[in-house]
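Everything below concerns the one structure shown next.
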Amino acid sequence: METILTSLENGIYTITINRPDKLNALNRQVFADLNTALDEVYANADIRSVIITGAGTKSFVAGADISEFSGLSNEQSIALAKAGQQTFFRIENAPKPIVACVNGFALGGGCELAMSCHFRLTSDNAKFGQPEVNLGLIPGYGGTQRLVQLIGKGKAMELLMSAAMIDANAALLCGLVNYVVPQEELLNKAISILQVINSKAPLAVGKCIEAANAVFDETKNGYEVEAAAFGFCFDTADMKEGTSAFLEKRKAVFAGKKPLCTSVSSVPLW
Ligand code: COA
(Lines give C-alpha, C1' and ligand atoms only; values in the text may rest on other atoms or scores of the structure.)
Protein backbone atom coordinates (compact mmCIF):
# COMPACT_ATOMS: atom_id res chain seq x y z
CA MET A 1 0.00 0.00 0.00
CA GLU A 2 1.24 3.45 -0.97
CA THR A 3 0.26 5.54 2.02
CA ILE A 4 -0.20 3.05 4.84
CA LEU A 5 2.15 0.72 6.69
CA THR A 6 0.77 -2.38 8.39
CA SER A 7 2.20 -5.01 10.69
CA LEU A 8 0.73 -7.92 12.62
CA GLU A 9 2.30 -9.05 15.87
CA ASN A 10 0.73 -11.28 18.52
CA GLY A 11 -2.75 -10.67 17.10
CA ILE A 12 -2.38 -6.87 17.12
CA TYR A 13 -2.54 -5.28 13.67
CA THR A 14 -0.97 -1.83 13.49
CA ILE A 15 -2.09 0.55 10.75
CA THR A 16 0.21 3.56 10.34
CA ILE A 17 -0.89 6.43 8.11
CA ASN A 18 2.35 7.22 6.32
CA ARG A 19 2.49 10.68 4.70
CA PRO A 20 4.64 12.46 7.28
CA ASP A 21 5.70 15.22 4.85
CA LYS A 22 2.01 16.20 4.67
CA LEU A 23 1.40 15.56 8.37
CA ASN A 24 -0.44 12.35 7.32
CA ALA A 25 -3.33 14.29 5.74
CA LEU A 26 -6.07 12.04 4.40
CA ASN A 27 -6.16 12.12 0.60
CA ARG A 28 -8.06 9.72 -1.66
CA GLN A 29 -5.15 7.28 -1.74
CA VAL A 30 -5.05 7.13 2.07
CA PHE A 31 -8.77 6.31 2.12
CA ALA A 32 -8.28 3.62 -0.53
CA ASP A 33 -5.38 2.11 1.42
CA LEU A 34 -7.24 2.39 4.72
CA ASN A 35 -10.15 0.48 3.20
CA THR A 36 -7.77 -2.22 1.98
CA ALA A 37 -6.34 -2.49 5.51
CA LEU A 38 -9.87 -2.65 6.92
CA ASP A 39 -10.73 -5.48 4.50
CA GLU A 40 -7.87 -7.35 6.13
CA VAL A 41 -9.11 -6.49 9.64
CA TYR A 42 -12.54 -7.93 8.84
CA ALA A 43 -11.28 -11.01 6.97
CA ASN A 44 -8.15 -12.16 8.78
CA ALA A 45 -8.89 -14.32 11.84
CA ASP A 46 -5.33 -13.85 13.07
CA ILE A 47 -6.08 -10.17 13.67
CA ARG A 48 -7.57 -9.86 17.16
CA SER A 49 -7.34 -6.10 17.62
CA VAL A 50 -6.07 -3.02 15.83
CA ILE A 51 -4.04 0.13 16.49
CA ILE A 52 -4.34 3.12 14.16
CA THR A 53 -1.55 5.70 14.40
CA GLY A 54 0.39 8.21 12.30
CA ALA A 55 3.97 8.13 11.04
CA GLY A 56 6.48 10.42 12.71
CA THR A 57 6.38 12.28 15.98
CA LYS A 58 4.53 15.44 14.97
CA SER A 59 1.17 14.41 13.61
CA PHE A 60 -1.44 11.68 13.88
CA VAL A 61 -3.44 13.12 10.98
CA ALA A 62 -3.70 16.87 10.28
CA GLY A 63 -7.03 16.54 8.51
CA ALA A 64 -8.45 15.78 5.12
CA ASP A 65 -6.05 16.79 2.36
CA ILE A 66 -7.11 20.36 1.68
CA SER A 67 -5.45 20.34 -1.76
CA GLU A 68 -8.13 17.91 -2.98
CA PHE A 69 -10.99 20.27 -2.08
CA SER A 70 -10.63 22.83 -4.84
CA GLY A 71 -13.14 22.67 -7.67
CA LEU A 72 -15.48 20.13 -6.07
CA SER A 73 -19.16 20.60 -6.93
CA ASN A 74 -21.92 20.36 -4.34
CA GLU A 75 -22.64 16.76 -5.43
CA GLN A 76 -18.96 15.80 -5.43
CA SER A 77 -18.41 17.25 -1.96
CA ILE A 78 -21.43 15.38 -0.59
CA ALA A 79 -20.09 12.18 -2.15
CA LEU A 80 -16.66 12.86 -0.61
CA ALA A 81 -18.20 13.28 2.85
CA LYS A 82 -20.28 10.12 2.47
CA ALA A 83 -17.29 8.07 1.33
CA GLY A 84 -15.27 9.26 4.34
CA GLN A 85 -18.18 8.56 6.67
CA GLN A 86 -18.51 5.08 5.20
CA THR A 87 -14.86 4.27 5.89
CA PHE A 88 -15.17 5.53 9.45
CA PHE A 89 -18.38 3.50 9.96
CA ARG A 90 -16.33 0.42 9.03
CA ILE A 91 -13.90 1.30 11.83
CA GLU A 92 -16.66 2.06 14.34
CA ASN A 93 -18.60 -1.11 13.55
CA ALA A 94 -15.66 -3.49 13.27
CA PRO A 95 -16.22 -6.58 15.44
CA LYS A 96 -12.71 -6.29 16.90
CA PRO A 97 -11.30 -3.48 19.06
CA ILE A 98 -9.75 -0.62 17.10
CA VAL A 99 -7.78 1.87 19.18
CA ALA A 100 -6.36 5.21 18.05
CA CYS A 101 -2.83 6.03 19.20
CA VAL A 102 -2.82 9.79 18.65
CA ASN A 103 0.85 10.70 18.30
CA GLY A 104 0.53 14.42 17.47
CA PHE A 105 -1.93 16.69 15.64
CA ALA A 106 -5.41 15.18 15.35
CA LEU A 107 -7.16 17.90 13.42
CA GLY A 108 -10.26 17.85 11.23
CA GLY A 109 -10.44 14.44 9.58
CA GLY A 110 -7.70 13.28 11.95
CA CYS A 111 -9.83 14.01 14.99
CA GLU A 112 -12.75 12.38 13.17
CA LEU A 113 -10.66 9.28 12.42
CA ALA A 114 -9.61 9.03 16.07
CA MET A 115 -13.22 9.46 17.22
CA SER A 116 -14.40 6.64 14.96
CA CYS A 117 -12.09 4.26 16.82
CA HIS A 118 -13.45 2.42 19.85
CA PHE A 119 -11.27 4.42 22.23
CA ARG A 120 -8.23 6.68 22.14
CA LEU A 121 -4.83 7.06 23.79
CA THR A 122 -2.66 10.07 23.14
CA SER A 123 0.91 11.26 23.51
CA ASP A 124 1.37 14.38 25.61
CA ASN A 125 2.38 16.54 22.60
CA ALA A 126 -0.92 16.00 20.75
CA LYS A 127 -3.41 18.67 19.79
CA PHE A 128 -7.04 17.97 18.94
CA GLY A 129 -9.50 20.13 17.06
CA GLN A 130 -12.04 20.59 14.30
CA PRO A 131 -10.66 23.65 12.49
CA GLU A 132 -12.93 23.37 9.44
CA VAL A 133 -14.68 26.71 10.06
CA ASN A 134 -11.29 28.34 9.37
CA LEU A 135 -11.73 27.04 5.82
CA GLY A 136 -15.40 27.98 5.49
CA LEU A 137 -16.32 24.34 6.07
CA ILE A 138 -17.68 21.99 8.68
CA PRO A 139 -16.47 18.47 9.54
CA GLY A 140 -17.75 15.99 6.95
CA TYR A 141 -16.57 12.60 8.21
CA GLY A 142 -18.83 12.29 11.25
CA GLY A 143 -17.13 14.90 13.43
CA THR A 144 -20.26 16.90 14.27
CA GLN A 145 -21.93 13.72 15.50
CA ARG A 146 -19.16 11.88 17.33
CA LEU A 147 -17.72 14.95 19.07
CA VAL A 148 -21.14 15.59 20.63
CA GLN A 149 -21.42 11.90 21.57
CA LEU A 150 -17.99 11.82 23.18
CA ILE A 151 -17.66 15.13 25.02
CA GLY A 152 -21.22 16.50 25.22
CA LYS A 153 -23.06 19.13 23.24
CA GLY A 154 -21.88 22.32 24.94
CA LYS A 155 -18.16 21.59 24.78
CA ALA A 156 -18.49 20.15 21.26
CA MET A 157 -20.40 23.21 20.02
CA GLU A 158 -17.64 25.49 21.33
CA LEU A 159 -14.87 23.46 19.64
CA LEU A 160 -16.77 23.15 16.35
CA MET A 161 -17.64 26.84 16.13
CA SER A 162 -14.36 28.29 17.40
CA ALA A 163 -11.92 25.92 15.62
CA ALA A 164 -10.02 25.91 18.92
CA MET A 165 -7.29 23.32 19.44
CA ILE A 166 -7.11 21.56 22.78
CA ASP A 167 -4.06 19.83 24.21
CA ALA A 168 -3.78 16.23 25.38
CA ASN A 169 -4.65 16.96 29.01
CA ALA A 170 -7.74 18.93 28.03
CA ALA A 171 -8.73 16.00 25.78
CA LEU A 172 -8.34 13.69 28.78
CA LEU A 173 -10.41 15.97 31.01
CA CYS A 174 -13.32 16.10 28.58
CA GLY A 175 -13.28 12.36 27.90
CA LEU A 176 -12.03 12.50 24.33
CA VAL A 177 -9.11 10.22 25.24
CA ASN A 178 -8.64 7.58 27.93
CA TYR A 179 -4.91 8.04 28.59
CA VAL A 180 -2.14 10.60 28.07
CA VAL A 181 1.39 9.17 27.99
CA PRO A 182 4.84 10.28 26.81
CA GLN A 183 5.24 9.68 23.09
CA GLU A 184 7.80 6.88 23.47
CA GLU A 185 5.34 4.94 25.64
CA LEU A 186 2.26 5.40 23.45
CA LEU A 187 2.31 2.18 21.42
CA ASN A 188 3.39 0.04 24.37
CA LYS A 189 0.54 1.40 26.48
CA ALA A 190 -1.95 0.50 23.74
CA ILE A 191 -0.38 -2.94 23.32
CA SER A 192 -0.64 -3.67 27.04
CA ILE A 193 -4.35 -2.75 27.04
CA LEU A 194 -5.02 -4.79 23.89
CA GLN A 195 -3.16 -7.81 25.27
CA VAL A 196 -5.68 -7.87 28.13
CA ILE A 197 -8.63 -7.49 25.76
CA ASN A 198 -7.21 -10.13 23.41
CA SER A 199 -7.18 -12.63 26.28
CA LYS A 200 -10.99 -12.31 26.63
CA ALA A 201 -13.67 -14.13 24.64
CA PRO A 202 -13.41 -12.58 21.15
CA LEU A 203 -17.04 -13.03 20.15
CA ALA A 204 -18.19 -11.46 23.43
CA VAL A 205 -15.79 -8.54 22.89
CA GLY A 206 -17.30 -8.04 19.43
CA LYS A 207 -20.79 -8.05 20.93
CA CYS A 208 -19.75 -5.39 23.49
CA ILE A 209 -18.83 -3.15 20.56
CA GLU A 210 -22.10 -3.85 18.77
CA ALA A 211 -24.26 -3.21 21.84
CA ALA A 212 -22.42 -0.04 22.92
CA ASN A 213 -22.64 1.34 19.37
CA ALA A 214 -26.41 0.77 19.41
CA VAL A 215 -26.74 3.59 21.98
CA PHE A 216 -26.08 6.05 19.17
CA ASP A 217 -28.06 4.32 16.42
CA GLU A 218 -31.59 5.67 16.36
CA THR A 219 -32.74 2.82 14.12
CA LYS A 220 -32.01 0.36 16.94
CA ASN A 221 -33.25 -0.28 20.44
CA GLY A 222 -30.02 -0.70 22.40
CA TYR A 223 -31.61 -2.91 25.05
CA GLU A 224 -32.95 -5.23 22.34
CA VAL A 225 -29.50 -5.35 20.74
CA GLU A 226 -27.97 -6.13 24.14
CA ALA A 227 -30.44 -8.94 24.87
CA ALA A 228 -29.90 -10.51 21.44
CA ALA A 229 -26.11 -10.27 21.87
CA PHE A 230 -26.39 -11.82 25.33
CA GLY A 231 -28.33 -14.71 23.80
CA PHE A 232 -25.80 -15.04 21.01
CA CYS A 233 -23.02 -15.44 23.57
CA PHE A 234 -24.91 -18.28 25.28
CA ASP A 235 -24.65 -20.24 22.04
CA THR A 236 -20.88 -19.94 21.74
CA ALA A 237 -18.26 -22.47 22.69
CA ASP A 238 -16.43 -19.62 24.45
CA MET A 239 -19.30 -19.14 26.90
CA LYS A 240 -19.21 -22.86 27.77
CA GLU A 241 -15.44 -22.64 28.17
CA GLY A 242 -15.55 -19.43 30.27
CA THR A 243 -18.17 -20.68 32.69
CA SER A 244 -16.62 -24.19 32.94
CA ALA A 245 -13.17 -22.72 33.59
CA PHE A 246 -14.56 -20.53 36.38
CA LEU A 247 -16.29 -23.46 38.04
CA GLU A 248 -13.21 -25.68 37.61
CA LYS A 249 -10.97 -22.90 39.00
CA ARG A 250 -8.74 -22.78 35.93
CA LYS A 251 -7.87 -20.11 33.35
CA ALA A 252 -10.21 -20.06 30.37
CA VAL A 253 -8.79 -20.59 26.90
CA PHE A 254 -11.01 -18.92 24.34
CA ALA A 255 -11.09 -20.03 20.72
CA GLY A 256 -13.51 -17.42 19.41
CA LYS A 257 -15.63 -20.20 17.98
CA LYS A 258 -18.73 -19.37 16.05
CA PRO A 259 -22.13 -20.12 17.58
CA LEU A 260 -22.92 -23.75 18.39
CA CYS A 261 -26.51 -23.10 17.35
CA THR A 262 -26.73 -22.27 13.65
CA SER A 263 -30.20 -20.74 13.96
CA VAL A 264 -28.69 -17.48 15.30
CA SER A 265 -26.85 -14.91 13.20
CA SER A 266 -24.14 -16.48 11.13
CA VAL A 267 -22.45 -13.19 10.24
CA PRO A 268 -18.73 -13.93 10.53
CA LEU A 269 -17.24 -11.92 13.39
CA TRP A 270 -13.55 -12.56 13.01
N1 COA B 1 -4.04 19.00 3.95
C2 COA B 1 -3.02 19.09 3.07
N3 COA B 1 -1.75 19.36 3.44
C4 COA B 1 -1.52 19.56 4.75
C5 COA B 1 -2.54 19.49 5.72
C6 COA B 1 -3.85 19.21 5.27
N7 COA B 1 -4.88 19.09 6.11
N8 COA B 1 -1.99 19.77 6.92
C9 COA B 1 -0.69 19.97 6.72
N10 COA B 1 -0.39 19.85 5.40
C11 COA B 1 0.92 20.01 4.75
C12 COA B 1 1.34 21.46 4.61
O13 COA B 1 0.73 22.04 3.48
C14 COA B 1 2.82 21.32 4.48
O15 COA B 1 3.14 20.89 3.16
P16 COA B 1 4.36 21.60 2.32
O17 COA B 1 5.58 21.33 3.18
O18 COA B 1 4.36 20.87 1.03
O19 COA B 1 4.03 23.03 2.27
C20 COA B 1 3.14 20.16 5.41
O21 COA B 1 1.93 19.44 5.56
C22 COA B 1 3.61 20.59 6.79
O23 COA B 1 2.64 21.45 7.34
P24 COA B 1 2.95 22.93 7.89
O25 COA B 1 1.69 23.75 7.84
O26 COA B 1 4.14 23.51 7.20
O27 COA B 1 3.34 22.58 9.42
P28 COA B 1 3.22 23.55 10.67
O29 COA B 1 3.95 22.88 11.78
O30 COA B 1 3.62 24.95 10.32
O31 COA B 1 1.63 23.59 11.03
C32 COA B 1 -0.56 22.62 11.38
C33 COA B 1 0.98 22.42 11.45
C34 COA B 1 -1.22 21.29 11.66
C35 COA B 1 -1.01 23.66 12.41
C36 COA B 1 -0.92 23.12 9.95
O37 COA B 1 -0.31 22.26 8.98
C38 COA B 1 -2.39 23.15 9.67
O39 COA B 1 -3.09 24.04 10.14
N40 COA B 1 -2.91 22.16 8.86
C41 COA B 1 -4.27 22.12 8.45
C42 COA B 1 -5.17 21.66 9.57
C43 COA B 1 -6.62 21.66 9.11
O44 COA B 1 -7.20 22.70 8.82
N45 COA B 1 -7.23 20.48 9.04
C46 COA B 1 -8.58 20.31 8.65
C47 COA B 1 -8.68 20.07 7.19
S48 COA B 1 -10.38 19.90 6.68
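The values are calculated or read from the model by the stated rules, or taken from the named source; none is laboratory data. Note that the structure is predicted; figures quoted are calculated from it, not measured. Here Cβ is always computed from backbone atoms with ideal geometry, including for glycine, and neighbour counts include all displayed protein chains.
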Legend entry - Answer from Val205, Val253, Val225, Val196 - the residue that is in a helix (DSSP H, G or I) and surrounded by fewer than 14 Cβ atoms within 10 Å (Cβ to Cβ): Val196
Legend entry - The lone exception for Val225 - which of (1) in contact with an Asp or Glu (Cβ under 8 Å, 6 or more places away or on another chain); (2) under 21 Å from Thr53 (Cβ atoms) it fails: (2)
Legend entry - Pairs with Cβ under 8 Å, 6+ apart, first in the stretch 158-172 and closer than 14 Å to Phe105 by Cα, second in a loop (DSSP other than H, G, I, E, B) and of a type in the set (D, E, K, R): Ala168/Asp124; Asn169/Asp124
Inset, instruction - Give me a count of the residues in the stretch 85-142 that are within 15 Å of the ligand (Cβ to nearest atom), aliphatic (A, V, I, L, M) and part of a loop (DSSP other than H, G, I, E, B). - result: 3
Legend entry - Single residue of the stretch 97-140 satisfying the filter (in contact with a strand residue (DSSP E or B) (Cβ under 7 Å, 6 or more places away or on another chain) and among the charged types (D, E, K, R)) that is nearest to Lys155 (Cα to Cα): Lys127
Legend entry - Odd one out for Val102 among (1) surrounded by 24 or more Cβ atoms within 10 Å (Cβ to Cβ); (2) closer than 30 Å to Phe254 by Cα; (3) not basic (Lys, Arg): (2)
Inset, instruction - Quickly run through the stretch 146-156 and pick out the residues that are assigned to a helix (DSSP H, G or I) and either away from the ligand (no atom under 16 Å from the Cβ) or basic (Lys, Arg) (or both). - result: Arg146, Val148, Gln149, Leu150, Ile151, Lys153, Gly154, Lys155, Ala156
Inset, instruction - Consider Gly84 carefully, then state whether it is over 19 Å from Ala212 (Cβ atoms) and at pLDDT below 95. - result: no
Inset, instruction - Pick out the one residue from Phe60, Phe31 that is surrounded by fewer than 23 Cβ atoms within 10 Å (Cβ to Cβ) and not β-branched (Val, Ile, Thr). - result: Phe31
Legend entry - Residue list for the stretch 150-192, filter: closer than 30 Å to Phe246 by Cβ and either buried (at least 17 other Cβ atoms within 10 Å of the Cβ) or in contact with a helix residue (DSSP H, G or I) (Cβ under 7 Å, 6 or more places away or on another chain) (or both): Tyr179, Lys189, Ala190, Ile191
Inset, instruction - Determine if the stretch 178-188 includes at least one residue that is touching a Gly at 6+ places or on another chain (Cβ under 8 Å) and assigned to a loop (DSSP other than H, G, I, E, B). - result: no
Legend entry - Those residues of the stretch 43-57 which are over 22 Å from Ala126 (Cβ atoms) and surrounded by 15 or more Cβ atoms within 10 Å (Cβ to Cβ), in sequence order: Ile47, Arg48
Inset, instruction - Kindly list, by first and then second residue, each pair from a residue in the stretch 92-111 that is touching a residue at least 40 places away in the same chain (Cβ under 8 Å) to a residue that is among the acidic types (Asp, Glu) and within 16 Å of the ligand (Cβ to nearest atom), limited to pairs with Cβ atoms under 6 Å and residues at least 6 apart or on different chains. - result: Gly108/Glu132
Inset, instruction - Can you give me the ranges of the strands (runs of 3 or more DSSP E) entirely in the stretch 1-68 with at least 2 residues that are within 12 Å of the ligand (Cβ to nearest atom)? - result: 59-61
Legend entry - Every residue from the stretch 43-99 that is among the acidic types (Asp, Glu) and over 18 Å from Leu147 (Cα atoms): Asp46, Asp65, Glu68, Glu75
